[in-house]
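All of the numbers you see were taken from the coordinates with simple rules; none came from a lab. Note that the structure is a prediction, hence the values are computed from the model and not measured. Neighbour counts run over all protein chains shown; Cβ positions are idealised from the backbone, glycine included.
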Amino acid sequence: MFAYVVKRLLSGVVVIALVSLSVFLLFFKGPSSPAQPICDRDTGNRCTPARLEIFERNLGFDNPWYTEYGTFVKGIFVGREIQFGNATIYECPAPCLGYSYRTKVPVFEELKERIPASFSVAIGGAALYLLLGIPIGVAAARRRGTVTDKALVSSFLVISSVPYYLFALLMWLFLTVQWEIPLISDTGYFPFTENPAKWFSGMALAWIALGIFGCTTYTRYSRGSMVETLSEDYIRTAKAKGLPPRTVVYKHALRSALVPVITIFGIEFGTLLAGTIFTERIFNIDGIGYWSLQAVTAKDLPVVAAVAIFSATVLIIANILVDIVYSVLDPRVRLS
Amino acid sequence: MTTATPGSDSATSDDAYLVVEDLSVSFPTEDGMVTAVSDLSYRVELGKTLGIVGESGSGKSVSSMAVLGLHDAKSSQITGSIRVGGTEVIGLSENRMRKLRGNSVAMIFQDALAALHPFYKVGDQLSEAYLVHHGDSSKRDARRKSIEMLDRVGIPQPDRRVDDFPHQFSGGMRQRAMIAMGLINDPKLLIADEPTTALDVTVQAQILDLLQDLQREFNSAVIMITHDLGVIAEMADDVLVMYAGRGVEYGSCKELLTHPEMPYTWGLLSSVADVTSDTSARLIPIPGNPPSLLSPPSGCAFHPRCVHRQKVPGDLCATTMPPLSPGKRGDAHLKRCHLPDPDAIYQTEVLPEIAPDLVERT
């Protein structure tokens, strides 16, 4: 088990290295100079070729890409110094992901500030995925073919056929603008450590939107998986032993039925942790998703690159966790 | 009871542990009602083995699942009577039914790899079966009992293997573990549903021997569901042959295998391969396929496949379902066939084809 985890972690590191390299190359080797946005910004849109050259030299973009990638990677571990168009030298401590073109603050500092907001959204939303999705899916599977089952399946199909951004927007519009429900209408991120109640009410709408929309998928998955599992031979064996239905469903069937659901969940949870653009934008939560959206609009390349690398890292960690959970659930996976 | 008590000569209706009378099981489907079992009656005494033989879809498993009450009440209709140790099982509440399941009636399934839960240790699955009917026992007792049972069914180093998962067992060991799980509560009735199907021949023999030993030890009634007449010859005291959901021949094992009176049974006997038999003996398959239970053939369900139907006057076979009634060989041997003297046909026409050496000697 330990060797397995180490192996997975090592391969995860390799993947992160490859992702960071591709992101780096994408900007470095692109048709326009990566220094162009900062040059435009710092010179008030009067970026001459001569000025651009100064920026490129200071930022090291005139070096070969491998040298510069080396500097970038070294910066992550030991920190580095960054110079833009003038003589000011910015100190970028490890882990250095560059300086924001826009705010002239280390990217990692900004990222660190936004992680709690995005993680709050992700954890609450994902918890609702499972807390709503799995029980409803299991209940539908146990009543397969009945009116309850059909009503659940078709109403969830309606929800999931609406695009998510529209669903979230309508929800926001109705609950905050139309009905002006107190407390939860004031959406946004408020640190949990300062005011847990405010944190909760600020997040509530985002969670509900994500949770209700996302749980439809999990209802479908867990229903399908459960229906399949309930027809397995070992479920018949469990019944033939004289076990009560509760034990048969929750101990024998659910554990097997969850395996495919967990796989999908792990990956989706990773995506959520890396920031949710629509949710954060609509509910005014200053998280990684919202931040990356602003960075793209402002052509803040170091931030965009950092978000890409961060997302990849989170997804890879989520994948490794899924594999570990998987092997805990299914003993047959442990040996291989 | 006018149809007497077939099978063992000493049988009376009182000492049979399992009595099935006029059992019918149907499943409503979108295409109509599928009657998987109809008018089935049989009985099994403690210490005896009933073999149920038939093709796939003949209702063997469906009828025995009904004994355990494993059919979903919403999607099946069950009529008739099933008495287990004097208790009427049909219509019994789910709670009381559960007290019987795995306790006084246990079932061993075919393909133990699929029938054991892949995620739980073998020992835990055995303990669970024990604990559910011994609520006052501790987990430690249950574990000790599991090891004892694994040892009893011949698993080497049971105290270590108890912590293995099913996929770490060999096929034969899994089936042994399955048997151990079935017997852990000393059931009075054991239903073995093709227990040797997924195993290779040497392991099959070991498993059958084991079952026989255990039956002697526990003095339980056993129902052996199989399509293998070799297994029947070895194990069964009585035999019930099923076709299209009905019993078509019922009698003691020796009687039925030496003087079969139903052309379907002849067909089964003719299609058995035997390594020791004369090489001139032919392997004769039964023509055609089992009928659809959605629209069974009129009259005798076997008539479209029966090569002897022209020996019956008129088209009685196609119009009238023959009753399951005694033939010329006494009240203990029931057959569902219109042929007036089937034994004569068997001895003169069928036996010379399938076992020429037997005929020459007699």
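Tabulated values for the structure
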| read-out | value |
| --- | --- |
| Alpha-carbon spread of region B:116-185, three principal axes, descending order, Å | 33, 23, 19 |
| Three principal axis lengths of region A:1-146 [C-alpha, angstrom, descending] | 74, 41, 29 |
| Rel. contact order, % - alpha carbon contacts under 8 angstrom, at least six apart, chain B | 20 percent |
| At R0 = 41 Å, FRET efficiency that the Cβ-Cβ distance of B:Ser271 and B:Asp31 yields, to 0.05 | 0.85 |
| For chain A, alpha-carbon Rg over 2.2 N^0.38 Å | 1.22 |
| Compactness of region B:253-358 - radius of gyration and Dmax, Cα, Å | 14.3, 42 |
| Overall form of region B:54-138 per C-alpha gyration tensor (a/c, 1.5; a/b vs b/c) | oblate |
| Net charge, B:Ser61 excluded, C-beta distance under 13 Å - Lys, Arg +1, Asp, Glu -1 | -3 |
| Spin-label model distance (nm) - A:Asn284 vs A:Lys112, 7 Å beyond Cα toward Cβ | 2.8 nm |
| Ascending count of other beta-carbon atoms within 10 Å, so fewest first, for B:Tyr264, A:Tyr290 | A:Tyr290, B:Tyr264 |
| Paired Rg and Dmax values of region A:50-120, which use every Cα atom, in angstrom | 13.4, 46 |
| Whole-Å semi-axes of the ellipsoid equivalent to the protein assembly as shown (Cα gyration tensor, √5λ, descending) | 72, 27, 25 |
| Cβ-derived FRET efficiency at R0 30 Å, A:Thr247 paired with B:Asp151, nearest 0.05 | 0.65 |
| Computed over region B:253-358: relative contact order in percent, which uses C-alpha pairs under 8 Å that are six or more apart | 32 percent |
| Protection proxy ranking, peptides A:38-50, B:344-356, average beta carbon neighbours within 10 Å, highest first | B:344-356, A:38-50 |
| Cα gyration tensor shape for region A:247-336, rounded if a/c is under 1.5, else prolate or oblate | oblate |
| Inverse of mean 1/r across different Cα pairs in region A:288-336, Kirkwood, Å | 12.8 Å |
| Phi-based couplings in Hz for region B:70-77 (Karplus 6.51, -1.76, 1.60; Gly and Pro marked x) | 8, 7, 5, 4, 6, 10, 9, 10 |
| Cys with no candidate disulfide partner in chain A (beta-carbon separation under 4.7 Å rule) | A:Cys215 |
| Convex hull volume per residue in cubic angstrom - Cα atoms of region B:7-164 | 159 Å³ |
| Principal semi-axes in Å for chain B [√(5λ), Cα gyration tensor, largest first] | 37, 24, 18 |
| Region B:211-311: C-alpha gyration tensor shape, a/c 1.5 cut-off, then a/b vs b/c | oblate |
| Computed label-point distance, nm, for sites A:Gln36 and B:Arg144 using a 7 Å Cα→Cβ extension | 8.2 nm |
| Burial ordering of A:Trp172, A:Trp65, A:Trp179, fewest other beta-carbon atoms within 10 Å first | A:Trp179, A:Trp65, A:Trp172 |
| Overall Cα dimensions of region A:64-184, principal axis frame, Å, largest first | 72, 36, 24 |
| Sequence-separation-based contact order of chain A, relative, with Cα cut under 8 Å and 6+ spacing, percent | 21 percent |
| A:Arg57-A:Val177 pseudo-label distance in nm [points 7 Å out on the Cα-to-Cβ vector] | 5.3 nm |
| FRET efficiency, B:Asp331 to B:Asp22 (Cβ-Cβ, R0 22 Å, nearest 0.05) | 0.70 |
| A:Val105 long-range amide H proximity, modeled H, under 5 Å | A:Ser100 |
| Fluctuation leader among B:Pro313, B:Pro263, B:Pro340 - chain B, Gaussian network, Cα springs under 10 angstrom | B:Pro313 |
| Helical mean residue ellipticity (222 nm; -39500 (n - 2.57) per DSSP H run of 4+; nearest 500) of chain B | -8500 deg cm²/dmol |
| Proxy reagent accessibility, fewest Cβ within 10 Å first, across A:Ile115, B:Ile52, A:Ile212, A:Ile309 | A:Ile115, A:Ile212, A:Ile309, B:Ile52 |
| Isotropically averaged projected area of region B:137-279, using the convex hull of Cα atoms (one quarter of hull area), nm² | 10.7 nm² |
| Calculated from backbone phi, Karplus (6.51, -1.76, 1.60) coupling profile of region A:223-236 in Hz, x at Gly/Pro | 5, x, 5, 5, 4, 5, 5, 5, 9, 6, 4, 6, 6, 4 |
| Table column - 3J(HN,Hα) (Hz), region B:187-198, Karplus curve with 6.51, -1.76, 1.60, x for Gly and Pro | x, 7, 10, 10, 9, 9, 8, 6, x, 10, 4, 8 |
